[in-house]
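To start, the structure itself, in structure tokens.
The values are calculated or read from the model by the stated rules, or taken from the named source; none is laboratory data. Note that this is a predicted model, so its numbers are computed, not measured. Cβ coordinates were reconstructed from backbone atoms using ideal geometry, including for glycine residues, and neighbour counts include every protein chain displayed.
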Amino acid sequence: MSVKTETATFAGGCFWCTQADFEKAPGVVKVIAGYTGGHKENPTYEESSSGTTGHVEAVQVYYNPAKISYGELLNWFWRHIDPTDPGGQFVDRGSQYRSVIFYHNEEQKRLAEKSKEELNKSGKFDKPVVTEIIKFSKFYEAEDYHQGYYKKNPLRYKYYRYASGRDQFLQKVWGNGTESAKLGKGEVYMKPDEATLRKKLTPLQYEVTQKEGTEPPFRNGYWDNHREGIYVDIVSGEPLFSSKDKYESGTGWPSFTKPLEPGNIVEKKDHRLFMTRIEVRSKHGNSHLGHVFDDGPPPTGLRYCMNSASLKFIPKEDLEKEGYGKYLELFGMKK
């Protein structure tokens with residue numbers, strides 16, 4: 001049975017890089033490098049790269065909407081470009097290398113404009129987001145030697161990519177989500193768009209993760225779970241805690257002495273309920289997880305008191321197939 005796909009078009013500078021990045025996105029079926037947005041029919045690489053045809057280097061992305069939404073593709077796009085640069089992308093300069101979202105219908109336009117506005121308001125960048133949002137017209141496939149360039153010429157591509165400064169910039173801004181961070185191996189984590197969140201999460205999961213709610217004690221999924229495995233963010237999938245650090249706190253919520261991946265944990269002061277507590281959130285999903293207290297057992301003396309509704313448990317036997325194979329050694333298993 002053939003997979004039903006939808007189409008999205010993005011320009012993010014050198015199409016060798018944008019093709020390589022999008023091919024690693026889960027749910028993407030095919031990515032083609034090419035030219036779009038200009039006035040000349042069937043432009044060549046030489047013509048387009050001269051900047052005289054009005055085209056930009058772009059990619060046509062064919063994706064399975066049952067596995068990845070257009071909103072998630074937008075998040076992926078933002079995490080692989082510099083959206084504040086109006087003059088090109090990284091080492092590639094000129095209008096033919098500027099960043100553009102080409103929308104195919106009004107819904108894509110609405111989502112793109114909303115996503116751009118949210119990124120502008122996020123404070124992630126100290127300059128405004130200048131990526132254009134333009135109606136799609138016609139896409140011209142690039143020459144064969146440009147298709148899958150990163151696979152055909154891996155050494156030359158890796159040298160170019162490093163020299164371009166792209167990954168260094170992305171690592172500085174996002175701390176993850178770059179090619180150097182092993183894309184496609186369960187190590188890129190994103191918060192889906194609002195519509196996808198509403199569809200993906202149960203009402204309780206949404207209330208807890210998005211509205212800082214609290215589930216009832218002793219009536220939740222993992223407070224008495226004794227299986228071996230890891231706990232990940234229900235929203236983004238980022239690894240958070242391990243069963244190796246879980247203990248019976250008697251509170252009725254899953255409790256841990258320490259995080260599995262401290263870099264995925266954000267702690268901030270919470271002044272609600274007329275007291276000061278330390279809230280725990282996930283870094284990439286920005287999900288409310290629970291709170292951390294200093295009444296835990298040795299060796300840390302900490303109690304990470306989490307909501308089951310914020311978590312997804314991955315049993316040790318499923319780690320490999322779920323993309324978390326690197327944690328098998330925690331449980332004496334080989335990858």
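Residues being closer than 19 Å to LEU111 by Cα, crowded, with 16+ Cβ neighbours inside 10 Å, touching a Pro at 6+ places or on another chain (Cβ under 8 Å) and not acidic (Asp, Glu): count how many of those fall in the range 28-74.
3
Being touching an Asp or Glu at 6+ places or on another chain (Cβ under 9 Å), among the charged types (D, E, K, R) and assigned to a loop (DSSP other than H, G, I, E, B) is true for just one of LYS40, LYS30, LYS4. Which residue is that?
Working: LYS30 fails: assigned to a loop (DSSP other than H, G, I, E, B); LYS4 fails: touching an Asp or Glu at 6+ places or on another chain (Cβ under 9 Å).
From the options LYS40, LYS30, LYS4, the qualifying one is LYS40.
Among LEU111, LEU155, which is the only one that is assigned to a helix (DSSP H, G or I), in the same structural domain as GLY38 (by TED's automatic domain parsing) and touching a helix residue (DSSP H, G or I) at 6+ places or on another chain (Cβ under 6 Å)? So that I can check it myself, show each step before the final result.
On the way: LEU155 fails: touching a helix residue (DSSP H, G or I) at 6+ places or on another chain (Cβ under 6 Å).
Going through LEU111, LEU155 in turn, the sole match is LEU111.
In the range 116-147, which residues are part of a loop (DSSP other than H, G, I, E, B), of a type outside the set (D, E, K, R), closer than 19 Å to ILE81 by Cα and touching a residue at least 24 places away in the same chain (Cβ under 8 Å)?
Start the filter on the range 116-147 by keeping residues that are part of a loop (DSSP other than H, G, I, E, B), which leaves 123-131, 136-138, 142-143, 147.
In the following step, the residues that additionally are of a type outside the set (D, E, K, R) were identified as 123, 125, 128-131, 136-137, 142, 147.
If we keep only those that are closer than 19 Å to ILE81 by Cα too, we end up with 123, 125, 128-131.
Correct list: PHE125, PRO128, VAL129, VAL130, THR131.
Here are some residues: THR84, THR52. Which one is in the same structural domain as GLY148 (by TED's automatic domain parsing), at negative phi and in contact (Cβ under 8 Å) with a residue 12 or more places away in the chain?
Numbers: THR52 fails: in contact (Cβ under 8 Å) with a residue 12 or more places away in the chain.
Of THR84, THR52, the one residue that is in the same structural domain as GLY148 (by TED's automatic domain parsing), at negative phi and in contact (Cβ under 8 Å) with a residue 12 or more places away in the chain is THR84.
Answer yes if at least one residue in the range 216-223 is under 18 Å from LYS316 (Cβ atoms), polar (S, T, N, Q) and either surrounded by fewer than 21 Cβ atoms within 10 Å (Cβ to Cβ) or touching a helix residue (DSSP H, G or I) at 6+ places or on another chain (Cβ under 8 Å) (or both), and no otherwise.
The answer is no, given that none of the residues of the range 216-223 is under 18 Å from LYS316 (Cβ atoms), polar (S, T, N, Q) and either surrounded by fewer than 21 Cβ atoms within 10 Å (Cβ to Cβ) or touching a helix residue (DSSP H, G or I) at 6+ places or on another chain (Cβ under 8 Å) (or both).
If I ask for residues that are without any contact (Cβ under 8 Å) to a residue 24 or more places away in the chain and under 18 Å from the mean Cα position of the chain (by Cα), which ones from the range 273-311 would you list?
ARG281
So which pairs qualify, if the first residue must be in the range 198-213 and outside the structural domain of GLU279 (by TED's automatic domain parsing), the second must be aromatic (Phe, Trp, Tyr) and crowded, with 17+ Cβ neighbours inside 10 Å, the Cβ gap must be under 8 Å, and the two must be at least 6 apart or on different chains?
Sorted first by the residue in the range 198-213, then by its partner, the pairs are ARG198/TYR206.
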